[in-house]
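**Q** Okay, handing you the structure first.
The values are calculated or read from the model by the stated rules, or taken from the named source; none is laboratory data. These numbers were taken from a predicted model, which means no experiment stands behind them. Heads up, the Cβs are rebuilt from the backbone with ideal geometry, glycines too, and the neighbour counts pull from every protein chain shown. Accessible surface is based on the protein model in full, side chains and every heavy atom, while ligands, DNA and RNA are left aside. Shrake-Rupley method; radii C 1.70, N 1.55, O 1.52, S 1.80 Å.
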Amino acid sequence: MMTEVPTPQLRPLRPYFSSGPCAKPPGWDASKIATESLGRSHRAKIGKTRLAYCIDLMREMLQLPDTHRIGIVPGSDTGAFEMAMWTMLGAKPVTTLAWESFGEGWVTDAAKQLKLDPTVIRADYGQLPNLTEVDWSNDVLFTWNGTTSGVRVPNGDWIADDREGLSFADATSAVFAYDLPWDRIDVATFSWQKVLGGEGGHGVLILGPRAVERLESHTPAWPLPKVFRLVSKGALAEGVFKGETINTPSMLAVEDAIFALEWAKSLGGLDGLKTRSDANAAALDKIVEERGWLSHLAADPASRSKTSVCLSVAGADADFIKKFAGLLEKEGAAYDIAGYRDAPPGLRIWCGATVDTADAEALGPWLDWAYATLTA
């Protein structure tokens, strides 16, 4: 039987700590979303204009060079990354890095679906593989920020300047939170639902010049679904990267993404987003440091995520974590903070830019309350 423990008085004003879809930007309201493009064809002038504007805003906020193209594609980050794999792999040997569930998903795709016999470099949850083992004569697949483990690559220095293969970065919890070295990234993917707090269902595919060259020179050995086809008559389908999407997009989701991007611009762009995310991660670090029963799953601060922060709770099993998260949700103090189902039992607290630092700071007493309630 649980013993009654005094309930904290101060609740986070916006207790949205889910790691995807993530908290909406502060001040978001459905009535503030532009609706003129809704109910219209995405191929009409207004639809094309808004899609192109969304792409231009992403380029500006990411400080992306003109050498890289941006396309809005179906299937969220997963669809974007699989589109890249299916269209570009097979020309060279493949190395896959896996230290959490999504990296393992790309291993499965490469090995079992595309049957490429990849070299696999793994690490346990909370750890990072030895990046010096990577052979850059291969194409290399990796997650920049492991959303389900809270472990990220510290920087892009390990990506060879003179690489023969392509670098494929699943960067869905990293873009808009870190400085990314675009000269070392040939393919990057993400979804609006992470750091921007946008809606799910759409992915973003970023291609560097070496990726475009691969697309135009390599024909995969396997059939490609229509929604994966980025080449027409041997040339890149440039329209995809100007807002002429492969399938029908949700203009409501596009307008929601535009709202978030304009909010980001009002903060000063990428620097403003990074500042907010850094402050949130620092607030949670302080909470962890002050509690002996709480620790980071990612032990090394250099490779610890500043967005999807994964925590271990002393003595906790999956049932304990389920009850822990359930108590906080019932109280309206924190939503969706149980760790990912394939990860070790623990908590996962989103610290991306759309979270307010005061709300992250207010979590501490509530974590104490839930822990004390379940262990009393």
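**Q** For the structure I just gave you, tell me whether Tyr371 is among the aromatic types (Phe, Trp, Tyr) and within 29 Å of Gly103 (Cβ to Cβ).
**A** So Tyr371 fails the test.
**Q** Moving to a separate point now. Considering each residue of the stretch 213-231, count those that are open to solvent by 40 Å² or more (accessible area, probe 1.4 Å), under 22 Å from Lys48 (Cβ atoms) and touching a helix residue (DSSP H, G or I) at 6+ places or on another chain (Cβ under 9 Å), and give that number.
**A** Qualifying residue count for the region: 3.
**Q** Continuing with this model, one more query. Could you please give the count of residues in the stretch 299-349 that are in contact with a Lys or Arg (Cβ under 7 Å, 6 or more places away or on another chain), closer than 29 Å to Gln9 by Cβ, crowded, with 17+ Cβ neighbours inside 10 Å and not β-branched (Val, Ile, Thr)?
**A** Residues meeting the conditions: 5.
**Q** With the condition kept exactly as written, say whether any residue in the stretch 257-271 is part of a loop (DSSP other than H, G, I, E, B), open to solvent by 40 Å² or more (accessible area, probe 1.4 Å) and more than 21 Å from Ala123 (Cβ to Cβ).
**A** As a first pass, look at the stretch 257-271 and keep what is part of a loop (DSSP other than H, G, I, E, B): 267-269.
Narrowing further to those that are open to solvent by 40 Å² or more (accessible area, probe 1.4 Å): 267-268.
Within this subset, residues satisfying the condition of being more than 21 Å from Ala123 (Cβ to Cβ) are 267-268.
Yes, the stretch 257-271 has at least one match.
**Q** Please find, within the stretch 178-195, the residue that is surrounded by the most Cβ atoms within 10 Å (Cβ to Cβ) out of those that are out of contact with any Phe, Trp or Tyr (no Cβ under 8 Å at 6 or more places or on another chain) and among the polar types (S, T, N, Q).
**A** Taking the candidates together, the pick is Ser191.
**Q** Identify all residues within the stretch 75-90 that are of a type in the set (S, T, N, Q) and open to solvent by 30 Å² or more (accessible area, probe 1.4 Å); write none if there are none. Before the answer, list the steps.
**A** In the first step, residues of the stretch 75-90 are kept if they are of a type in the set (S, T, N, Q); the result is 76, 78, 87.
Across the stretch 75-90, the qualifying residue is only Thr78.
**Q** Here is a further query. Spot the failing condition for Val204; the list is (1) touching a Leu at 6+ places or on another chain (Cβ under 9 Å); (2) open to solvent by less than 40 Å² (accessible area, probe 1.4 Å); (3) β-branched (Val, Ile, Thr), and only one is missed.
**A** (1)
**Q** Would you check if Arg50 is farther than 24 Å from Ala353 by Cβ and open to solvent by 10 Å² or more (accessible area, probe 1.4 Å)? Before the answer, list the steps.
**A** On the way: farther than 24 Å from Ala353 by Cβ: no; open to solvent by 10 Å² or more (accessible area, probe 1.4 Å): yes.
Judged against the criteria, Arg50 is not a match.
**Q** Moving on. So, Gly198, is that one crowded, with 19+ Cβ neighbours inside 10 Å and under 19 Å from the mean Cα position of the chain (by Cα) or not?
**A** Taking the combined requirement at face value, the residue satisfies it.
**Q** Give me the residue from the stretch 61-74 that is over 15 Å from Glu238 (Cβ atoms) and in contact with a Phe, Trp or Tyr (Cβ under 9 Å, 6 or more places away or on another chain) and, out of that set, surrounded by the most Cβ atoms within 10 Å (Cβ to Cβ).
**A** My answer is Leu62.
**Q** Write out, first by first residue and then by second, each pair whose Cβ atoms fall under 9 Å of each other, whose residues are 6+ apart or on separate chains, and whose first residue, in the stretch 308-325, is over 12 Å from Ile337 (Cα atoms) and part of a strand (DSSP E or B) while the second is of a type in the set (Lys, Arg) and open to solvent by less than 10 Å² (accessible area, probe 1.4 Å).
**A** none
**Q** Are there any pairs with C-beta distances below 7 angstrom linking a residue in the stretch 102-129 that is within 16 Å of Pro344 (Cα to Cα) to a residue that is open to solvent by 50 Å² or more (accessible area, probe 1.4 Å) and part of a loop (DSSP other than H, G, I, E, B), with the two at least 6 apart or on different chains, and if so which?
**A** The qualifying pairs are Tyr125/Pro344; Gly126/Ala299.
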